[in-house]
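Heads up, the thing below is written out as structure tokens.
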Amino acid sequence: MSGRATGAPASTDRPATDVNAWIWFVSTTGVWLAFGVAAITSPGTLTDLWEWVQGLPLAAEIALWIATLPWMLALAVFESSLAEWLRIALIATLAVGWTLASVPRPSRRRAAARAPGTGLRHSH
């Protein structure tokens with residue numbers, strides 16, 4: 001039975017997604033949009049950023065790569081000597097793939113706890 005049939009509020013029908021997941025999704029999407037705008041309107045800015053990253057001490061550069069891997073990969077592709085169509089395709093694939101992977105999904109634990117007949121028992 002759904003929550004509505006039992007008189008429970010409608011908000012229990014859908015598993016809630018974590019607010020942090022939405023913050024992550026909006027942030028990652030915003031960075032991809034900023035990257036795209038910079039690539040179109042100010043490609044020199046991305047070149048300057050690439051040169052700045054390469055000028056960092058090795059430990060800092062490695063930490064930056066780990067923390068911002070998808071965008072650093074896109075930046076490396078942008079600065080590569082690959083054909084323009086291939087660079088665009090690779091960056092678009094990274095952006096779309098990472099954005100889709102970041103779409104907030106309901107928590108499986110919360111969904112299982114709310115689903116009737118799952119066999120889960122809650123101790124009080």
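The values are calculated or read from the model by the stated rules, or taken from the named source; none is laboratory data. Since this is a predicted model, take the numbers as computed values, not measurements. Methodologically, a virtual Cβ is constructed for each residue, glycine included, from the backbone with ideal geometry; neighbour enumeration extends over all protein chains shown. The protein model used for the area step is the full one, side chains on, heavy atoms only, and it has no ligands, DNA or RNA in it. Shrake-Rupley method; radii C 1.70, N 1.55, O 1.52, S 1.80 Å.
Here are the numbers:
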| quantity | calculated |
| --- | --- |
| Rounded accessible area of Thr29 (nearest 10 Å², 1.4 Å probe) | 40 Å² |
| Largest to smallest accessible area among Leu90, Leu64 [probe 1.4 Å] | Leu90, Leu64 |
| Charge context of Phe25, other residues only, Cβ under 14 angstrom, K/R +1, D/E -1 | 0 |
| Spacing of the two label points (7 Å from each Cα toward its C-beta) at Glu61 and Thr45, in nm | 2.4 nm |
| For Ser102, solvent-accessible area (1.4 Å; no DNA, RNA or ligand), Å² | 10 Å² |
| Kirkwood Rh in Å, taken over the stretch 22-84 so that all alpha-carbon pairs contribute | 12.5 Å |
| Cβ-defined net charge surrounding Gln54, 15 Å radius [Lys, Arg +1; Asp, Glu -1] | -4 |
